[in-house]
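Worksheet: one structure, shown below.
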Amino acid sequence: ACLENSVERDPYSTEALLSLGVSYVNELKYEQALKHLNNWVTHNPNLEVSFNVENIDDGNALDKVKALLNQAKDISRANGNENDTVDVLEALGVIYNVSREYDEAAKCFQAATATRPGDYQLWNKLGATLANNSQSEEAQNAYQKALSIKPKY
């Protein structure tokens, strides 16, 4: 509710849009997640993407948002903005989880943790992705890393 209120007050808050998109994925509300992740990337002033997913309700929305995020990843890398790149990788990893492309999701989270190794939430997302992909030992290592950063998580 707090994130939704934040987006209502400021529909261009990139931090709230990204967090809300990820939260909706966790709640299995994929249509809402895609809408907010689309808005996050298209309203992010650091990511000058060339298209917007106009019809988020059609059957191709997931593929369109994936393409949009991949374009944003390329732009942020080209601009040398590591923080934006990590945020895009996080969103892309979440989307790959939705589509059950766990190897691609794991690559995103591994690249993100390499750049932002102190982010316990990224390590947790990597652990969940690896667990979903039946890589239990690797998942446990990622979860342990998250707990070593934030023990009460």
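We did not get these values from a lab; they are worked out from the coordinates using the rules stated. Keep in mind that this is a model prediction, so the values were computed, not measured. Reconstructed Cβ throughout: ideal geometry from the backbone, glycine too, with neighbour counts over all protein chains shown.
Over the chain, calculate the relative contact order: mean separation of alpha carbon pairs under 8 Å at least 6 apart, over the residue count, as a percent. Walk me through the intermediate numbers first.
Details: 191 pairs, mean separation 20.5, N = 153.
Relative contact order for the chain comes out at 13 percent.
Name the residue from S23, V7, Y120 whose Cα lies farthest towards the positive end of the charge dipole of the range 1-139, charges +1 on Cβ of Lys and Arg and -1 on Cβ of Asp and Glu.
Y120
Does the range 47-153 come out rounded, prolate or oblate, given a ≥ b ≥ c as the square roots of the eigenvalues of its C-alpha gyration tensor, rounded meaning a/c under 1.5 and, failing that, prolate meaning a/b above b/c? Can you show the working numbers first?
Details: a/c = 2.62, a/b = 1.50, b/c = 1.74.
Oblate is the answer for the range 47-153, as a/c is 1.5 or above yet b/c matches or exceeds a/b.
Would you work out which of S76, V88, A139 lies farthest towards the positive end of the dipole of the chain? Charges go on Cβ: Lys and Arg +1, Asp and Glu -1.
A139
Suppose we flag trypsin sites (Lys or Arg not before Pro) only when DSSP calls them loop and at most 15 other Cβ atoms lie within 10 Å. Which is the longest uninterrupted stretch of the chain? Each step should come with its number before you reach the end.
Numbers: sites that count: K29, R100, K152.
Here the longest run is 30-99.
Of K107/K150; K35/K152; K107/K152; K73/K152; K64/K150, which ones are farther than 29 Å apart at the Cα?
Values: K107/K150 23 Å; K35/K152 32 Å; K107/K152 26 Å; K73/K152 32 Å; K64/K150 35 Å.
Exceeds cut-off: K35/K152; K73/K152; K64/K150.
For helix 136-149, report the angle its Cα long axis makes with the longest principal axis of the Cα atoms of the chain; keep it between 0 and 90° and round to the nearest 10°.
80 degrees
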